[in-house]
Amino acid sequence: MQVGIIMGSQSDLKVMSDAAAVLEELGVEFELTIVSAHRTPERLVEYATQARDRGIKAIIAGAGGAAHLPGMVASMTTLPVIGVPVKSSNSIDGWDSVLSILQMPGGVPVATVALDGAKNAGILAAQIVGAFDETIAVNLFNYKEQMREKVLESAKDIEENGWKPKTIGFKK
């Protein structure tokens, strides 16, 4: 496995599955599991301290609410950790999760993506792996090229066919 995807609870899976989907699309091997910073601290220590030995090159950690999981994992490993703040049922509009992950103390960095931004976390993890794996680098190049082509097709469509208001109240 090249990337570890962990989350605080099963309810985070609906967000974190986006990271798994993009890693799968890019051909990056990953593992996915639940590790709660508050309910299974021993499991967290075991996961974080043994990840490198299992071949993990980056860890994506998603959590809602107090969102201690990414920072605690980062405190126990030298691997890059990417935090995904999750807007959970006990969240304060997600801000508690964002700030818990974003405001790490000096010496314990966590790369932080947008609220519910697991797709970008997956892409960032693939870029980390791709820095040392030519196959993944090529897959990333092709992925980004497809995004570029989609935007150019959309621009061409608007330029050729014009923009037509679809909602009452818009005026040209």
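Quick notes on this one:
- Gly62 being in a helix (DSSP H, G or I), within 15 Å of the chain's Cα centre (by Cα) and either within 24 Å of Lys14 (Cβ to Cβ) or modelled with pLDDT under 95 (or both): no
- Met1 surrounded by fewer than 16 Cβ atoms within 10 Å (Cβ to Cβ), in a loop (DSSP other than H, G, I, E, B) and not β-branched (Val, Ile, Thr): yes
- Restricting segment 78-100 to residues that are out of contact with any Ser or Thr (no Cβ under 7 Å at 6 or more places or on another chain) and β-branched (Val, Ile, Thr), the residue that is farthest from Phe132 (Cα to Cα): Ile92
- Residues of segment 95-128 that turn out to be farther than 11 Å from Ala61 by Cα and either of a type in the set (Asp, Glu) or touching a Pro at 6+ places or on another chain (Cβ under 6 Å) (or both), as a count: 6
- In the set Ala155, Ala67, Ala131, Ala114, only one residue is exposed (fewer than 14 other Cβ atoms within 10 Å of the Cβ) and modelled with pLDDT under 95; that residue is Ala155.
Residue-by-condition table, conditions (1) within 15 Å of the chain's Cα centre (by Cα); (2) in a strand (DSSP E or B); (3) under 29 Å from Met147 (Cβ atoms):
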| residue | (1), (2), (3) |
| --- | --- |
| Ala21 | yes, no, yes |
| Thr33 | yes, yes, no |
| Glu42 | no, no, no |
| Asp53 | no, no, no |
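- Note on segment 81-172: enclosed helices (runs of 4 or more DSSP H) holding 1 or more residues that are of a type in the set (Val, Ile, Thr) and more than 18 Å from Gln2 (Cβ to Cβ) are 95-102, 134-161.
The values are calculated or read from the model by the stated rules, or taken from the named source; none is laboratory data. In this text, all values refer to a predicted model and were calculated from it rather than measured experimentally. Positions of Cβ are generated from backbone atoms using ideal geometry, with glycine treated the same way; all protein chains shown enter the neighbour counts.
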